[in-house]
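The structure appears right after this line, and notes come after that.
Each reported figure results from applying straightforward, stated rules to the coordinates on display, with no laboratory input. Just so it is clear, the structure is predicted and the values come from calculations on it, not from any experiment. Every residue, glycine among them, receives a Cβ derived from its backbone with ideal geometry; neighbour counts consider all protein chains shown.
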Amino acid sequence: MLSWPLPITLWLSFSETLLLLFLVSNVKAACTKETCKKLHVIQSRHFLRTYRDLQEIPRDIPAESACVILQGNCISSLPDGVFKHLAQLSYLNLAHNQISKMATDSFAGLKCLVFLDLRDNLVSSLPDSVFQHLRQCEVLTLSQNKILNITTGSFTGLKSLQELDLHNNLITFLPDLVFSHLIQCQIIYVQRNRISSITNATFTGLNSLQVLDLRQNLITFLPDGVFRHLIQCQIIHLAGNRISSITSVTFTGLNFLQELDLCNNLITSLPDGVFSHGTQCIELLIINNKITIITAGSFTGLKQLETLNLQENQIASIPSGVFSHLSQCKVLDLGYNGITTVTTGSFNGLLNLVELNLPDNLLTSLPQGVFHDLISLKVIKLYANQLTSLNPAIFTKLPETPLVLWLSLPGWRKMNPWNCSSLCWLKHEEQCGTITWNQWDGKSGHVRCSSGESWDSLQCDDQGGPSCCRVVFMHKKIMILFLALVVLVCNI
């Protein structure tokens, strides 16, 4: 038989320890009068080997207990009223058991409970109103169970809930109004389920939600205005689904959205105005889709965007002015597409761009002035294309700080076939210290000559002096100053 009180010997993760301490010291005023006089903990033999595995909830847990940990036992069911005498309990951990059955009144009496952890059990269904007594509960974790369906009654009574974790279950559908009782909820995790569809009313009532994670489900279609109720939402993860299309009203109502993840879907196009509601969006990830064409209208409204990642699509060309609305963008990634063409105006408007990634495309040349507007640029990745040479005029308006060039990637299977004899100007730039090379696995990513010649031993004719792009640019400045001086003298 177990005797009370047990020793306060815990084996907890750092985050769980912090949470436990927080709960013990910050239980709500209505529940704190005689709470936390003692801390009673039940541990499985996995952590305290002197105790045998528990098959059921002990009936003799002291009524004044504030925190009870029953994780890692063999408990299979939660009968009605099993916790009814624990009116002061604020933290209940039932993770890593074999719980498959819960009754409507399993949690009756837990009027002060703030944290309930039921992860990694065998729960397959949630009886309607099963959490109705948990009116003070703020965190509910149901991840890694076998839950197949949830209904509009599943979360009745959880009016104080702030975080709901349902990830790694078997849920196939999110019905209308399923979360309508969660008026204070800020975070919902439902990733890694089998959800194939959501409706216009799925997220009704979630006016306080800030984070929604729907990654790695089977969603194929997003109804117009599906997120319109999420007026406070800042982060939405939709990666790893089967979404094939989005429209100009898909993201209506998301006026405070800051991060949108659409990676690993089947999206084929970005219609004009599709992100026009994302005026506060900072990060947009659309990696590994099927996008073939982008237009200037694709990114309208994204005036605060700092990161745009379009890696691993099927984009063949970058039209002039396509990014003209992204004046605050700092990182633009267009790698691993199939880009063959960029124009002089392809990157116009990107005045704050710091990093431009164009690796593993099919570029054979870059036109003069292509980086004309990139006055803040510090990093350019051009490795694994089909470039043989670079015109020094493409860099004439880059900042005075050293530019990091990725022209090759040591050990990479695909290389640019550089004609090094045409890159002497770049050699001078390196000597001037105006450019530097990327470092990869301790190796420099400087030019790999197609002739097999070593870049370090490359001999250049210095007879004409260095043709460094910034030197040329400075020459132009000097010429302008000289002409201005001549005019001034003539006027005198």
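Strictly greater than 18 Å: what percent of every Cα pair in region 358-404 meets that? Roughly 28 percent, rounded to a whole number.
Remark: region 243-282 is approximated by an ellipsoid whose semi-axes, taken from the C-alpha gyration tensor as √(5λ), come to 17, 12, 8 Å, largest first.
Short version: what are the Cα gyration tensor semi-axes of region 58-217, square root of 5 times each eigenvalue, largest first, in whole Å?
On the way: eigenvalues 132, 58, 33 Å².
Ellipsoid half-lengths, sorted descending, are 26, 17, 13 Å.
A Förster radius of 51 Å combined with the Cβ-Cβ distance from Val379 to Lys84 puts the calculated FRET efficiency at roughly 0.25.
Centroid-to-centroid, using Cα positions, region 338-415 and region 187-247 are 36 Å apart.
Each of Ser143, Ser245 was scored by other Cβ atoms within 10 Å of its Cβ. Arranged with the fewest first, they read Ser245, Ser143. Classification of region 314-458 by its C-alpha gyration tensor yields a prolate form. The axis ratio a/c (a ≥ b ≥ c) is 1.5 or more, and a/b outweighs b/c. Each listed q (0.17, 0.18, 0.26 Å⁻¹) maps to a log10 I(q)/I(0) for region 226-319 from the Debye sum over equal C-alpha point scatterers, namely -0.67, -0.76, -1.63.
For region 343-422, the equivalent ellipsoid derived from the Cα gyration tensor has semi-axes of 21, 14, 12 Å, listed largest first. According to the Cα-based calculation, Rg over Rh for region 152-259 is 0.93, with Rh computed by the Kirkwood formula.
Put the Cα centre of region 59-75 next to the Cα centre of region 432-452 and the gap is 62 Å. The packing ranking, built from the mean of other Cβ atoms within 10 Å per residue, places the peptides 115-121, 422-428, 98-104 in the order 115-121, 422-428, 98-104, highest first.
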